[in-house]
Every structure is written in C-alpha cells, then in structure tokens.
Amino acid sequence: MKKKTLWIVVGAVCAAAVFYLAVRPTGKGGVTLDTAKAGRIDIVNSVTATGTVEPVTKVEIGTQVSGIIDKLYADYNDVVKAGQIIAVMDKVNLEAELASSQAQLDAAKTEFEYREKEYERTRTLHEKELVSDSDYDSAYYQYATAKNALSQAQASYVKVKRNLSYATISSPIDGVVISRAVEEGQTVAAGFETPTLFTIAKNLTDMQVIADVDEADIGQVAEGQKVTFTVDAYPDDVFSGTVEQVRLEATTTSNVVTYEVVINAPNPDLKLKPGLTANVTVYTLEEDGVLAVPTKALRFHPDAELLEQIGISVEGSAQPSEGSVKTVWVKSGNVISPKSVTAGNTSGDKTGIVSGLTDGEEVVTGLSAARAEQKAETAERSPFAPGPR
C-alpha cells in the first residue's frame, strides 16, 4: 500500500514538472527575438488623385455681333471640317448698316474730292498773291477736314463689313460638336462677354485627364511617369497614360491646395467621353527585384543584458547613422552583430538596401513579448465574459 502511494506521489511530481516546463515563460517576461531574411521585392510607390477627362484641343465658338440665330447647320456629335458653316445669324440689320456705311463713305469721298480741287485752286492763286492768307488757310482747313472725314468713313465701312462676315459662323478646326448652346430663332447679345454658341473637340481619340493632386504629394509627381485610371462608366476597365505636364498654378478650395497635372489618355475605342470623372493613380516609383528588409530592422537597438537572458550574444557596436547609411543587426546562430548598410527607397513596411547586405541574410527586426501581452489581455478580460475552455 505504501509502495502504491509512493508511486502516485512520484507521478504527480513528474506531471507538475512537465506542466511547468511547458508553460514557463522563455527569457525575461517571455521575450523573443524577431528576425526576417533579406529578400527581393518590387518597390512601387504611387499617388492617388481625382480628375476630369477632357479633349486635348477644345474650341469654344462664339459671335462678336448681336442678333437672331437664323439657321443652324450643326448639332450635337456632328463631325465638322475647318471652314464649314455651322450657323448663320439674321443679316438684315447688318446689311442695312453696311449700306448706310457705304453711302457715308461715298459722300465723304465726294466731299474730299471737291475740297481737294478747291484747295488746289486757292493754293495756285495764293502763290500768285491773288488771294489773301485767310482765304488760303480756310481752303486748307476745309480740305484737311474732308480728308479726315473720308478716313473715318473708310474705317467705319471696314468695321461694318467685318461685322456682317461675323454673322456667318464657321468651324475653325476639324472636330466633333460636343456642345450646342443656342436654338434657331434665339437672340444672342454680344456685350462685354462673347456668348458661346458651340464647343468643338478636335480629336476624341486623343484625350487627357486633368487631375488635382494634393500639395503633399505634388513633389513626387514628374513628367513621364506612368499613370493608370478608372472611370465609373467602365468600372472593369483600367486605362493607362503618362504625365505630360505638372502645372505650377495652385488652386485653393476650402483651404485645400491642389495642383493640376495633365495626363495623356489615348482613346482609340472612344470609350472615354468628355467630362467623365477619373480615379487616377500616378506611379512615382517603380523598382523591380530590389533587395529589401523590414523598415523596423533599421531602427532596432539591442539591449545586451536583456538578450543575454534569452541566450543571445551581442558582438560589436553600431556606427552612427549618417544620411542613408544605417545599421542593421544580423543574426548568426545565437549571436547578433551590426552591419552598416546603404538604405534606398521605401515601400510600405519594407526598405530597399543598396549595399551592405546579401540576399538571405537574417536581420533582427525587434523583440516581442507575446506572453506578457497575453497576461495583460487576460487581466483586462471582463468578469462577465466566459472563460477559456
């Protein structure tokens, strides 16, 4: 009976020892060393923005004279050629003004010819001292006045004649009518601002996106960068282009400063229509197959005393960081040692390494205390929550 009891006690002690070894914390507070291997990745940085699809060349056609639209020869989506008549205004008043101006010009010409002959006769007599100086001056004055009146009548005639030509509105370019703002019989008034009658886009197969890029991102955007964008009209299609221009003029809306970026957008299938909203992604950096490590590996500073408690030795000391020269700690067995590396571009939580490391080397990224976090989580658990099974 005593033997049986002894065996039971020994078994209980062994079970307790096994349980303790299984659940005891490793190192100080359950601290473990986190590492990662240097590997090759593709670094891609991008900037997002919204913009509007617009034709590359868009001309707004108006009129410089007031009147009634007599006839329209173009409508929405019509293809027009340069010089093609697209609208004609009522010419009755303009033709009457031209006739009146012609009559005034003829009268001024007749008056000038009469005064010119009179002046020539007076000048001849004055040279022979047969007329007084006063008569000569009067004849010259009337001649000069008639000459000025003729010049004024000629200028007025040219202006009225040009206004009559404005009543016939032609397309200045080859293109497509994308907007028509008037109807036949409508009266247009050309005052301080020229009214727009038509808007013609030159070529819809070559479009552009005017994107508004935030001031915090504009420094990364440059001409020639790759761009992709989507439009709500075709959610499954991704369109591509390149940055053509970064405009210097800033636009402030609700205290938000943005800059316009012009992106060319080839449109061979004519899917893109003027005015569509584009969700733009500008790829500011693209590098393939770059050796990289987690960014936090560049910020790790070892605690020799703490690492010694978990069986890790620290050899050497880190050099001060200068610019892109950083220090990473490389793990070999149970030893970590510093290495100076040249850091490159960053993408997400990874940083490229230009020099100082080789592919596959194991670098230290930090220390973790999972068991301590687990205890803290258990301590904060609600007393009303069910316990673990």
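The values are calculated or read from the model by the stated rules, or taken from the named source; none is laboratory data. In this text the structure is predicted, and so the values were computed from the model without any measurement. Here the Cβ is made from the backbone with ideal geometry for all residues, glycine too, and neighbour counts use every protein chain on show. We work out accessible area using only protein heavy atoms, side chains counted, and drop any ligands, DNA or RNA first. Shrake-Rupley method; radii C 1.70, N 1.55, O 1.52, S 1.80 Å.
Taking strands (runs of 3 or more DSSP E) that fall entirely within segment 49-131, which contain at least 1 residues that are more than 30 Å from Gln142 (Cα to Cα) and not aliphatic (A, V, I, L, M)?
Values: elements: 58-62, 67-72, 85-89.
Fully inside segment 49-131 and qualifying: 58-62, 67-72.
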**Study point:** Test set (1) more than 29 Å from Ser100 (Cα to Cα); (2) surrounded by 14 or more Cβ atoms within 10 Å (Cβ to Cβ) - Asp137 fails condition number
**Key:** (2)
Check your understanding: Looking at (1) aliphatic (A, V, I, L, M); (2) touching a Ser or Thr at 6+ places or on another chain (Cβ under 6 Å); (3) over 19 Å from Pro55 (Cβ atoms), which is the one condition that is false for Val256?
Key -> (2)
Check your understanding: Which of the residues belonging to segment 314-346 are of a type in the set (Gly, Ala, Ser) and within 16 Å of Arg299 (Cα to Cα)?
Key -> Ser317, Ala318, Ser321, Gly323, Ser324, Ser337, Ser340, Ala343, Gly344
Point to revise | Given (1) within 23 Å of Val363 (Cα to Cα); (2) modelled with pLDDT under 90; (3) touching a helix residue (DSSP H, G or I) at 6+ places or on another chain (Cβ under 9 Å), index of the condition Ala36 fails | key: (2)
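So, in segment 210-221, of the ones that are touching a residue at least 40 places away in the same chain (Cβ under 8 Å) and out of contact with any Phe, Trp or Tyr (no Cβ under 6 Å at 6 or more places or on another chain), which residue ends up surrounded by the most Cβ atoms within 10 Å (Cβ to Cβ)?
Start the filter on segment 210-221 by keeping residues that are touching a residue at least 40 places away in the same chain (Cβ under 8 Å), which leaves 210-215, 217-218, 220-221.
After this cut, where a residue has to be out of contact with any Phe, Trp or Tyr (no Cβ under 6 Å at 6 or more places or on another chain) as well, the list is 210-212, 214-215, 217, 220-221.
Numbers: Ile210: 16, Ala211: 26, Asp212: 18, Asp214: 13, Glu215: 12, Asp217: 17, Gln220: 14, Val221: 18.
The residue in question is Ala211.
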**Study point:** Flag for Thr358 being modelled with pLDDT of 90 or more and within 16 Å of Gly39 (Cβ to Cβ)
**Key:** no
Check your understanding: So Ser66 clears everything in (1) of a type in the set (Gly, Ala, Ser); (2) crowded, with 18+ Cβ neighbours inside 10 Å; (3) more than 38 Å from the chain's Cα centre (by Cα); (4) at pLDDT 85 or above except one condition, right? Which one?
Key -> (2)
Revision key, fill the gap. Note on segment 153-176: residues over 15 Å from Ser66 (Cα atoms) and not polar (S, T, N, Q) are Ala153, Ala155, Tyr157, Val158, Pro172, Ile173, Asp174, Gly175, Val176
Check your understanding: Within segment 303-327, how many residues are in a loop (DSSP other than H, G, I, E, B), open to solvent by 40 Å² or more (accessible area, probe 1.4 Å) and closer than 18 Å to Glu361 by Cα?
Key -> 3
**Study point:** Count - residues of segment 328-368 that are open to solvent by 40 Å² or more (accessible area, probe 1.4 Å), outside any strand (DSSP E or B) and of a type in the set (D, E, K, R)
**Key:** 2
